1. So, residue B:20, is that one within 29 Å of the chain's Cα centre (by Cα), surrounded by 20 or more Cβ atoms within 10 Å (Cβ to Cβ), closer than 25 Å to residue A:32 by Cβ and in the same structural domain as residue B:115 (by TED's automatic domain parsing) or not?
2. For residue B:91, all conditions in the list (1) surrounded by fewer than 18 Cβ atoms within 10 Å (Cβ to Cβ); (2) at pLDDT 95 or above; (3) more than 30 Å from residue A:71 (Cβ to Cβ) hold save one; what is the number of the exception?
3. Among (1) in contact (Cβ under 8 Å) with a residue 12 or more places away in the chain; (2) more than 8 Å from chain B (Cβ to nearest Cβ); (3) farther than 17 Å from residue A:8 by Cα, which single condition is residue A:109 missing?
4. If I filter the range A:312-325 for residues that are in contact (Cβ under 8 Å) with a residue 60 or more places away in the chain, within 12 Å of chain B (Cβ to nearest Cβ) and either touching a strand residue (DSSP E or B) at 6+ places or on another chain (Cβ under 6 Å) or on the phi > 0 side of the Ramachandran plot (or both), do I get at least one hit?
5. Within the range A:82-106, how many residues turn out to be within 19 Å of residue B:46 (Cα to Cα) and crowded, with 17+ Cβ neighbours inside 10 Å?
6. Working only within the range B:120-133, note down all residues that are buried (at least 19 other Cβ atoms within 10 Å of the Cβ) and either away from chain A (no Cβ under 14 Å) or out of contact with any helix residue (DSSP H, G or I) (no Cβ under 7 Å at 6 or more places or on another chain) (or both).
7. Restrict the check to the range B:67-74 and report whether at least one residue is crowded, with 24+ Cβ neighbours inside 10 Å and either within 10 Å of chain A (Cβ to nearest Cβ) or out of contact with any strand residue (DSSP E or B) (no Cβ under 9 Å at 6 or more places or on another chain) (or both).
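The values are calculated or read from the model by the stated rules, or taken from the named source; none is laboratory data. This structure is a prediction, so every number in the text was calculated from the model and none was measured. Neighbour counts run over all protein chains shown; Cβ positions are idealised from the backbone, glycine included.
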C-alpha cells in the first residue's frame, strides 16, 4: 500500500510535467494473495503486488494513452512522453468534449484491515475447514480463497483528485463425488464475514445429493434459479445492453425500448456503486462520482450508464460515473448491478412447483443473439428435478438456449434474500451482482450432457 | 540480472526450498485502435517485474512483485517460502518434478521486420484506409480496426542450474464491420474474430494478410447478413471454415487434454475433462483422418517459443493420432504423475502469475482435399466460418458454437447466405463424424490471444493450425 499522499504526489508529478491541454492520471495498485485447492489439498498458493499508472493526454481533440508499472521519475516521464507521442499521431476525435471537472465524492470506508492483513496460514486454515469434512465424506474439494487490497487514485489537470483504498475477500468451492458436485461461494470486503466451514457444508450437501444423476430430456421447464445462476445471467444482461456505447451503436437490447415494458412488472434492476452490501466504490476511472442508475423499473426500460465520452455524444447527458480505465472498447459498464428482492423463500418456490428444475449454477454463458438477449450455457454443480413441490432425483446437466428478457418477463416468484455473486468475468472486476433467487415459468433447455 | 536471480535462488534454498525458479520479465506493448474514421486509442504500455516459485516441504509457493530491486527480491522470496509452508498445512502428495531440466540457452522470435521500428503513421494509415473501405457499404454502422505489437524479454533461472533468456515478439491485427437493423446486429471480422489474429512474428505478419484487400468485403457481408435467411434448424452435413475449426480444436481438444484439468486442479473454475487417464492410448477421439498435434516449434504460431515457463524446451507431440487419443499437454509435475517427461506447456501470464499448463499451437493436421472439391462432393449441407458465440460444458463434451457467416451448400454448389448460424454436438461423436479435411494449401495457424484459465485469471496467447473440414449429421440452427 502506497497511501493517499504518495499516490497523489506521483499523480501530481506527472500532471506538473505535462504540456498537453488536458491530462489525466489513473493509479491502480493491487496486492493479492490466493490459495487454491483441489483434490482436497492446496495445490497452488500465490501472492502478487503490482501497480499501474495510466496517463491520458489530450492535445486539442487528439488523445494519447500510455501506461507503466514503474513509478520512478524517469519511468513516469517516459510514460508521459509516450502518451504525447501517441497523441501526436492521432486525428481529432470530434466526439471528445473534455475530461471531467472536479465533483464532490462521497466518503466510503471500504478498507478492512483484517482482509488486507490476512495471512497464508489463515487462508490455509479456512481451506482445511472445507477439505477435511470433504475427505470424511469421500468427496473431493476444490476452490480458491483470495484476499486482496486495492488502491485507486485519479487525478486530472482540471483539478480532480480522488483516492480510495479497499479490500475484497473471495471464497468459492466446488466439491465433487464420483458422479455429482456442489458449489458455494461468498465475497465480502471483510474476510471475517466469509464463513468457510458453512460454505463447505453447503457444497458438500449438494455434492452428496447430486450423486447418480438421471437423464432428463431437453425441453421447456419451470425453473428455480439459485442466486449464483441469476447473478451470472444478469452479468451477461448488463454486458449486452446496460452501457451507453452499445445503445449509441445500436447493439443494445435497450435500443428503442426506453420507456417501454421489457420485463415483468415484478422486475427492477439497477446499479449502485455506493451500496454498502455490494462492492462499493465512490468514483469511476475518470474520478466521477458514482450515481445510482435504474436500468429496469417495474419491468420498464429506464436508463443506461455513461462515462464522460458517451455522455458528451448525447444532448443533456452527464457521466453516471461508470468509466472503465482507458482505453477500452466496451465503453461504460455497471459493476454493481442489483435486482430488487421479493417476498418468497426458496422453500416456498419449491413447494409451489409441480414440475420443474432446480438450478444451482450456470456455466460458460455466452450471448447467441444480443438484441434478443438470447444466451446459451450449461447447468452445473447441483441440478435437480422438482416434482409435486419436492426435490426429485438429481439430473445430468443440461444446456439452455434462452432469452434473458423473456425469462424476466415470466418471473413467478422472487426470493426475499439476496446474495452477491461474482460469477464469470465479474470476478475480474471490483464489483458484484446482488440478486435474489427466481422462479421462472418457462426456461428452454436445448440439449443434455453425459454427467 | 544474474546477481538478482542468484540472490533469490540462494536465499530460497537457504530458507528451506528444495526447488526454486525465478522469472524476470520486461514487457512492452503497443496497441492502436481505430473506429469509424477516428483513431480511438494509441497505447504504449510497459510492465516489469519478477516472480519466484518455490517448493518447501513438498508444497508450492509463489510470490511476485513489480519492484525488481535487491530488498524486494529478498522480501518476495521470503513471502514465497511462507506461502509454501502454509500450503503444506493442507498438503497432498509431495511435489515430484521428475528428472532435472538444465538448459543454458537463448531464444528470439525470428522476424523480418521489427514491428516497433515501423512508424505509427504507417500503421495508422493502413487501419484508417481499412476503416474507410469497410464503411463504403451503406448500412455499416461501426467499423473498427486494431493492431497490437508485443515484445517480452524474459530471464528464467532455476536452482537446477537453468539459465534461459528469451525474447518473444508478437504482431496482431483485426478488422470488424458491424451493421444494425431492427432486432438484428451482424458483424464480420478479418482475419479472425474477437479482436484480432496474432502470431509470433514481426510486421511482415500484417503485410501477409492484406487487410485493405479484405476490408470492403467485410462491410458488404455484414450488411448482406441483415437480410439473409435465418440458418435452418436441422441435422445436416457441416463444413467448418478454418478459423471456426481453430476454435473447435481449442475448446474440444486443447482444453480437455490439459493434464492439470484432467487431474482436477482446475475443477473449481473451468472444470475437468472427459479425457481421463484410463482413456490414454485407446480412446477413439475422432475418425481415422483426425490427427492433432501440440507444436510449440512452428515458426510464426502464437504458441511458439524456445522454452516454456519452467524451462522445458519447445516440442511437437501428438494429442490425437489417426483418431485415437494418445497424449496430454503436460507440466513437469503432472507428467511425473503419469511417469512421463513434460512436453513443455507451462506458461504464465506475465511475471506476476504462476505458470499453468496452457495450449501451445494445437493443430488439426491437414488432409487431402481441396476446398472446391469438398464443396462439389457435398450434396446438401451448411458451411460455417468465423466464431461469434461459444459455450461448452465443464468436461468439454457438450458444445454449442455460433458463427458470423454461413452458406447453404446444395448439390455440390455454394447456396444462400445464412445468418445467426449455430451448431451443437458432443465432442467425440462430432470428431468421429469428420470425413474430410482440406489440404495444407488451406491450412494456417490461427492465433487466439485471449485464452482464459486459472485463478487468479490468466490470459494466454495460443495458436491453432486448421484447414476446412467436413462433419456429417450435425445439429445446426439451435436458436430459441
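1. On the way: within 29 Å of the chain's Cα centre (by Cα): yes; surrounded by 20 or more Cβ atoms within 10 Å (Cβ to Cβ): yes; closer than 25 Å to residue A:32 by Cβ: yes; in the same structural domain as residue B:115 (by TED's automatic domain parsing): yes.
Yes.
2. Of (1) surrounded by fewer than 18 Cβ atoms within 10 Å (Cβ to Cβ); (2) at pLDDT 95 or above; (3) more than 30 Å from residue A:71 (Cβ to Cβ), only one is false for residue B:91: (2).
3. It is condition (1) that residue A:109 fails.
4. yes
5. Within the range A:82-106, the subset within 19 Å of residue B:46 (Cα to Cα) is A:82-87.
Applying the additional criterion that residues be crowded, with 17+ Cβ neighbours inside 10 Å yields A:82-84, A:86-87.
Here the count works out to 5.
6. Step one: filter the range B:120-133 for residues buried (at least 19 other Cβ atoms within 10 Å of the Cβ), giving B:123-124, B:126-127, B:130-131, B:133.
Those that are buried (at least 19 other Cβ atoms within 10 Å of the Cβ) and either away from chain A (no Cβ under 14 Å) or out of contact with any helix residue (DSSP H, G or I) (no Cβ under 7 Å at 6 or more places or on another chain) (or both): B:123, B:124, B:127, B:130, B:131, B:133.
7. Of the range B:67-74, the ones crowded, with 24+ Cβ neighbours inside 10 Å are none.
So far as the range B:67-74 goes, no, none of its residues is crowded, with 24+ Cβ neighbours inside 10 Å and either within 10 Å of chain A (Cβ to nearest Cβ) or out of contact with any strand residue (DSSP E or B) (no Cβ under 9 Å at 6 or more places or on another chain) (or both).
Residues are listed down the side, and each one gets a yes or a no for (1) surrounded by fewer than 20 Cβ atoms within 10 Å (Cβ to Cβ); (2) under 25 Å from the mean Cα position of the chain (by Cα); (3) more than 9 Å from every other protein chain (Cβ to nearest Cβ); (4) closer than 23 Å to residue A:123 by Cβ:
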{"site": "B:7", "(1), (2), (3), (4)": "yes, no, yes, no"}
{"site": "B:44", "(1), (2), (3), (4)": "no, yes, no, no"}
{"site": "B:51", "(1), (2), (3), (4)": "no, yes, no, yes"}
{"site": "B:81", "(1), (2), (3), (4)": "no, no, yes, yes"}
